[in-house]
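Student: Can you read through this structure? Questions will come right after.
The values are calculated or read from the model by the stated rules, or taken from the named source; none is laboratory data. Note that the structure is predicted; figures quoted are calculated from it, not measured. Quick reminder, even Gly has a Cβ in these numbers, built from the backbone with ideal geometry, and neighbours come from all protein chains shown.
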Amino acid sequence: MWAHSMTVQDYQDLIDRGWRRSGKCVYKPIMNQTCCPQYTIRCQALCFQASKSHKKVLKKMLKFISKGDVSKAASEDEPMDSHIEDAVVCDFAYKGESHISQSELTPLSEDHTERVESEEKNAGETKEEVNVQKVESGCPQICTDKDTAVPGEPSRSTKIVHVPPKPGKGADLSKPPCRKAKDIRKERKLQKLLQNQMCTLGGSQLQTEDQVFLLQNSKSKTNQPKTIEDFVFVSLPDDAQHKLEVRLVPVSFEDPQFKSSFNQSAALFAKYQMAIHKDTPSDCGENEFTRFLCDSPLEAENAPNGPECGYGSFHQQYWLDGKIIAVGVIDILPYCVSSVYLYYDPDYSFLSLGVYSALREIAFTRQLHEKAPDLCFYYMGFYIHSCPKMRYKGQYRPSDLLCPETYVWTPIERCLPLLEHSKYCRFNQDMKAVDEGRLKELGRVRVLHKRTIMPYSVYKKGRKGPSDEASVQQYASLVGQTCSERMLLFRS
């Protein structure tokens, strides 16, 4: 449907029923009919824990800004897509999600299939045997009777030979292992504490329980995992090679910042679309850019308990050394930050800007939560499990998927096993549960007819021509009873 104007609360309620927007066009996939069901996904921003691969991206950006280091990692293909190794590194509760075998992506020839089956058979027969590996620095080296090993063939007999480390390489086993200075200080402090305690007790021996208690208290506390903020808001050295600044700009031509940066932002959009999505210049001109990413039906709104920037549509511009290298298009709604789109300069693909911007938007959601307590989720759009390339959004944990029938949120860990068996799933396992926001009274749907607002029951009585009740009922059932009574459905 085309939304001329919409409150942020209306749109919040709509996306909680599976809707999304593209410019002023608001759409909802019919889940049980589409070939690739698109499930609304949200990340619980306040509980989010960055994975190893996420931290790798954050560190890469830090190194680039502070030292100018350029990573040789592969570039991204999708706006928020992570590198292929991220899917392997990230710990999924459901193992089937963590790895996509090459056989699923590329059909195997008969010769290759036979070779794989043969190798698997050989491997199964010799689980206890180990192939030759070259090991340095004093570790046990495993050798076979022959000098060389034949690839693909298991060794028939093995023996362990301890090879001493080469001079100047490996650890010197004659010396005690190195210890951290803080551990040595802790031990000295403990010894001093024990001596003082013994003096207090008149030289008597400490009870074993007391010694254990003191020892436990002396141990350093377990290091807390670093948060996104620890990477994003870290102070940089004075001689940092680059300067990165993220500016939040309202999507409005009345805003000076938005207006002054429009040409640069539009040019970057065209560069991104042509390089990444192979668009033609006519597909990504200024008019297309405006209609797609600048026009928004959301009315800007400020509330006493809301964020200082207010609610509505914004561009988060990533300025590197005075020029825009990426723009995240977002909507700030009563309960969430909703990601609309991201485009970036392909020349900076090595920085994994898709992943980096998603992490920055999660951190931004947390910032907004401090002023607006109800705002605590990060909506990433649609999760498409039937498309392996689009599963990356499931790596931002903890996250939930929206049940397409009852519109209740379900942890993604419970959804993945179901999606492995069927593209379309009802996540709510309570079969008696129904859509609480379903249409109950069609007559109360509000319509706009001849510049007059009226309930559908009144409009229906005065309508001439064929009945439009079927289309109005479909509209009301998809937006829900609450929104159908707040929004105005235009009738000509």
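Student: What single numbered condition from (1) closer than 28 Å to L375 by Cα; (2) at pLDDT below 95; (3) among the acidic types (D, E) fails to hold for D238?
Tutor: The single condition D238 does not satisfy is (1).
Condition check ((1) β-branched (V, I, T); (2) within 27 Å of L375 (Cβ to Cβ); (3) touching a strand residue (DSSP E or B) at 6+ places or on another chain (Cβ under 6 Å)) across all residues:
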residue	(1), (2), (3)
I228	yes, yes, no
F262	no, no, no
I276	yes, no, no
C284	no, no, no
E288	no, no, no
R291	no, no, no
A300	no, yes, yes
L320	no, no, yes
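Student: Looking at the range 1-32 only, could you name the residues that are under 18 Å from Y383 (Cβ atoms) and of a type outside the set (A, V, I, L, M)? Can you show your working first?
Tutor: Of the residues in the range 1-32, the ones under 18 Å from Y383 (Cβ atoms) are 14-22, 27-32.
Once the filter is applied, which keeps residues that are under 18 Å from Y383 (Cβ atoms) and of a type outside the set (A, V, I, L, M), the range 1-32 yields D16, R17, G18, W19, R20, R21, S22, Y27, K28, P29, N32.
Student: Out of R451, R426, R463, report the one residue that is crowded, with 17+ Cβ neighbours inside 10 Å, farther than 27 Å from L359 by Cα and not assigned by TED's automatic domain parsing to the domain that holds R42.
Tutor: Within the list R451, R426, R463, the selection yields R426.
Student: Also: Taking the residues in the range 400-415 that are among the hydroxyl-bearing types (S, T, Y) and part of a loop (DSSP other than H, G, I, E, B) as candidates, determine which candidate is nearest to the chain's Cα centre (by Cα).
Tutor: So in the range 400-415, the residues among the hydroxyl-bearing types (S, T, Y) come out as 406-407, 410.
Cutting the leftovers down to part of a loop (DSSP other than H, G, I, E, B) gives us 406-407.
Numbers: T406: 25, Y407: 21 Å.
Going through the qualifying residues, I end up with Y407.
Student: Further question: If you scan the range 385-401, which residues turn out to be surrounded by fewer than 23 Cβ atoms within 10 Å (Cβ to Cβ) and either free of Cβ contacts under 8 Å to residues at least 40 places away in the same chain or under 29 Å from Q481 (Cβ atoms) (or both)?
Tutor: Selection gives D400 alone.
Student: Suppose we filter S282, S261 for residues that are assigned to a helix (DSSP H, G or I), of a type outside the set (A, V, I, L, M), assigned by TED's automatic domain parsing to the domain that holds C25 and free of Cβ contacts under 8 Å to residues at least 12 places away in the same chain; which single one remains?
Tutor: Every option except S282 fails the conditions.
Student: Inspect all residues belonging to the range 427-434 and state whether any of them is among the polar types (S, T, N, Q), farther than 17 Å from R486 by Cα and without any contact (Cβ under 8 Å) to a residue 12 or more places away in the chain.
Tutor: Start the filter on the range 427-434 by keeping residues that are among the polar types (S, T, N, Q), which leaves 428-429.
So of that shortlist, the ones also farther than 17 Å from R486 by Cα come out as 428-429.
After this cut, where a residue has to be without any contact (Cβ under 8 Å) to a residue 12 or more places away in the chain as well, the list is 429.
Yes, the range 427-434 has at least one match.
Student: Has the range 356-370 got at least one residue that is β-branched (V, I, T) and either surrounded by fewer than 19 Cβ atoms within 10 Å (Cβ to Cβ) or assigned to a helix (DSSP H, G or I) (or both)? Break it down stepwise before answering.
Tutor: Of the residues in the range 356-370, the ones β-branched (V, I, T) are 362, 365.
Filter once more, so that each one left must be either surrounded by fewer than 19 Cβ atoms within 10 Å (Cβ to Cβ) or assigned to a helix (DSSP H, G or I) (or both): 362, 365.
Yes, there is a match, as at least one residue in the range 356-370 is β-branched (V, I, T) and either surrounded by fewer than 19 Cβ atoms within 10 Å (Cβ to Cβ) or assigned to a helix (DSSP H, G or I) (or both).
Student: How many of the residues making up the range 437-471 are part of a helix (DSSP H, G or I), under 29 Å from V408 (Cα atoms) and out of contact with any strand residue (DSSP E or B) (no Cβ under 7 Å at 6 or more places or on another chain)?
Tutor: Number satisfying all stated conditions: 4.
Student: Mind checking which residues of the range 368-392 are within 26 Å of P307 (Cα to Cα) and either under 17 Å from the mean Cα position of the chain (by Cα) or modelled with pLDDT under 95 (or both)?
Tutor: C376, F377, Y378, Y379, M380, G381, F382
Student: Please find, within the range 274-311, the residue that is surrounded by the fewest Cβ atoms within 10 Å (Cβ to Cβ) out of those that are under 18 Å from S339 (Cβ atoms) and in contact with a Gly (Cβ under 9 Å, 6 or more places away or on another chain).
Tutor: D295
Student: Shifting gears a bit: Which residue out of L320, L359, L342 is within 14 Å of the chain's Cα centre (by Cα), within 17 Å of S265 (Cα to Cα) and in contact (Cβ under 8 Å) with a residue 40 or more places away in the chain?
Tutor: Among L320, L359, L342, only L342 is within 14 Å of the chain's Cα centre (by Cα), within 17 Å of S265 (Cα to Cα) and in contact (Cβ under 8 Å) with a residue 40 or more places away in the chain.
Condition check ((1) at pLDDT below 95; (2) out of contact with any helix residue (DSSP H, G or I) (no Cβ under 7 Å at 6 or more places or on another chain); (3) crowded, with 19+ Cβ neighbours inside 10 Å) across all residues:
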site	(1), (2), (3)
M6	no, yes, yes
Y27	no, yes, no
T40	no, no, yes
Q44	no, yes, no
F48	no, no, yes
V88	yes, yes, no
K95	yes, yes, no
